[in-house]
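Asks: Below: one structure in structure tokens.
The values are calculated or read from the model by the stated rules, or taken from the named source; none is laboratory data. None of these values were measured; they are calculated from a predicted model. Note: ideal-geometry Cβ built from the backbone for every residue, glycine included; neighbour counts use all protein chains shown. For accessibility, only protein heavy atoms count, side chains too; no ligands or nucleic acids. Shrake-Rupley method; radii C 1.70, N 1.55, O 1.52, S 1.80 Å.
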Amino acid sequence: MSNKVITANRLDDGEAVFLAPDGGWVADIDAAWMSRSEAEAAVMESVGAAPDQTLVVVGPYAIDVTEDAGGVVPVRRRERLRAYGPSTHP
């Protein structure tokens, strides 16, 4: 199993956010709650999809990530763009 984090879009500004260990949402992927097992990933998905979250975010889903010396890195290019912004940002 690969490591996973939950991502969604924040309703008030549309920014990509990540589920934090406290059940809140953070913009920094390095502060995200990262699962290291299937059981933990299932718990994360249920927290991210809880009814009270619909007032904060839309479309939560799990993404595959890896860790390196620089922090948490999404596996797919699409998710790297969501986490770090478009390649046109300075």
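Asks: Full extension from residue 10 to residue 73: what is 0.36 nm times the residue separation minus their Cα-Cα distance, to one decimal in nm?
Replies: Extra length from residue 10 to residue 73 when fully extended: 20.7 nm.
Asks: Still on this structure, please answer the following. Averaging over all projection directions, find the projected area of the Cα convex hull of region 51-90 and quote it in nm² with one decimal place.
Replies: 4.2 nm²
Asks: Where the accessible area of the chain is counted over protein heavy atoms with a 1.4 Å probe, how much of it, in %, is carbon and sulfur?
Replies: Of the solvent-accessible surface of the chain, carbon and sulfur hold 55 percent.
Asks: If you consider only alpha-carbon coordinates, what radius of gyration and Dmax does the chain have, in Å?
Replies: That works out to 12.4, 38 Å for Rg and Dmax.
Asks: Work out Dmax and Rg for region 1-49 from the C-alpha atoms and quote the Rg first, both in angstrom.
Replies: 10.5, 33
Asks: Using the heavy atoms of the protein chains alone and a 1.4 angstrom probe, what is the accessible area of region 1-86 per residue in square angstrom?
Replies: 55 Å²
Asks: Which residue, chosen from 29, 56, 86, occupies the Cα position most advanced towards the positive end of the dipole of the chain, where the dipole is computed from +1 (Lys, Arg) and -1 (Asp, Glu) charges on Cβ about the Cα centre?
Replies: 86
Asks: Roughly how many Å is it from the Cα centre of region 14-44 to that of region 52-72, as a whole number?
Replies: With region 14-44 and region 52-72 each reduced to a Cα centre, they are spaced 5 Å.
Asks: While we're looking at this one, here's another question. In the chain, once you exclude exposed trypsin sites (Lys or Arg not before Pro) (DSSP loop, at most 15 other Cβ within 10 angstrom), what's the longest stretch remaining?
Replies: Answer from the scan: 37-75.
Asks: Show me the GluC sites (Glu not before Pro) within region 1-52 that DSSP assigns to loop and that have at most 15 other Cβ atoms within 10 Å of their Cβ.
Replies: Listed in order of number, the matching sites are 15.
Asks: Grab the other residues whose beta carbon is less than 14 angstrom from that of residue 47, score K and R as +1, D and E as -1, and report the net.
Replies: So the surrounding residues net to -3.
Asks: Sticking with this structure for a sec: Quickly estimate the mean residue ellipticity at 222 nm for the chain, helices only: each DSSP H run with n ≥ 4 gives -39500 (n - 2.57), and the total goes over all residues, rounded to 500.
Replies: -6000 deg cm²/dmol
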